[in-house]
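Report on one structure; see the data block that follows.
The values are calculated or read from the model by the stated rules, or taken from the named source; none is laboratory data. Every value quoted in this text rests on a predicted model; they were computed, and no experiment measured them. Accessible surface is based on the protein model in full, side chains and every heavy atom, while ligands, DNA and RNA are left aside. Shrake-Rupley method; radii C 1.70, N 1.55, O 1.52, S 1.80 Å.
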Amino acid sequence: MTTAVAGLGAASALSALAAPAAPAVPGPLAEMLSAPFMQRALIVAVLVGLIAPIVGTYLVQRGLALLGDGIGHISLTGVALGWLAGSAAGTSPRDAWAVPGAIAASVLGAVLIELIRARGRTRGDVALAILFYGGIAGGVILIKVAGGTSTNLNSYLFGSLSTASRSDVVLTVILALLVLAVGVGLRGPLFSLCHDEEFARSIGLPTGLLNITIAVMAALTVSVSMRVVGSLLVSAVMIVPVAIAQLLTHSFGRTMALAMGIGVASCVAGLVITYIIPVSPGAMIVVLLVGGYALTALIGAMISAVRSAPRRQEAVDDRRAPGPIPPR
């Protein structure tokens, strides 16, 4: 009897070892990375995090921090035109030509803004405001003509995880490499232009062409970023990382490099959070950036206060110290 029981126990143990192990339940991170739409969104987010601060560094140095906002509104007209053209051509989905339309409208609008600023009678900020409001109004009207509603623009306004298609990713990679090559390759001439345009003109640099180059780079960045970040919020990804970097360093090159790292980290972190919490990825990315700026500024103020405390105390002690006794 004992032998039979022992034999059954050994047989059970052998069968348990031979049986295939139960498949491990994938964790949230593995599940997220295995989702095709998240893979596409992460590729776009990394590229946007790299190129947006490059363009933003030049815009901040140039005093054109709001140019990205104006181009973002103009791009909505391009989205609606692409939607309208796609509907007329019978493409599936109907917004297949939305990003190419946004690229065309953004580049045209950016060049127009620069030409008006440089040669027109209207001031640059006024021209920007006119195109700013006209762009979003034209987008709402044209999307209605195309058979859609203003809610169809929400994913382009604030970004969405699921809207980046394979063709969008390919187009984003090509344009991001172009912006990266121009922004880094022409860093010297572009810095001279942004720092002192009169000096750049005096040494023979083509300042008009360089100004248009910056505007076109901003337009391309807005266009490739709208799928994940949204056209209304992409300007923050251009500007806020640069503002954070300027709190930490004063060198132009180090500011650009640090801003690129901050941009990539914030875009990836924002996407990961919005995969878990169903909120707009563009809004989450901007909240992380603004929170990072506030935290960096607060820590910097505290460090400055601690460092200056001994000097203030020495000044107080010097004022309180008795002076020399005058002779009688």
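Annotations for the structure displayed:
- Gain on full stretching of the segment that runs from Ser165 to Val111 - 0.36 nm per residue minus C-alpha separation: 16.6 nm
- Computed over protein heavy atoms with a 1.4 angstrom probe, the accessible surface ordering of Arg254, Arg117, Arg94, largest first, is Arg254, Arg94, Arg117.
- The length gained by stretching the chain between Gln39 and Ala88 to full extension, at 0.36 nm per residue less their Cα-Cα distance, is 14.5 nm.
- Over the stretch 213-288, the pair-distance histogram of Cα-Cα distances with 10 Å bins from zero comes to 20, 47, 29, 4 percent, rounded to whole numbers.
- Per-bin percent of Cα-Cα distances, the stretch 163-213 [10 Å]: 24, 37, 21, 14, 4
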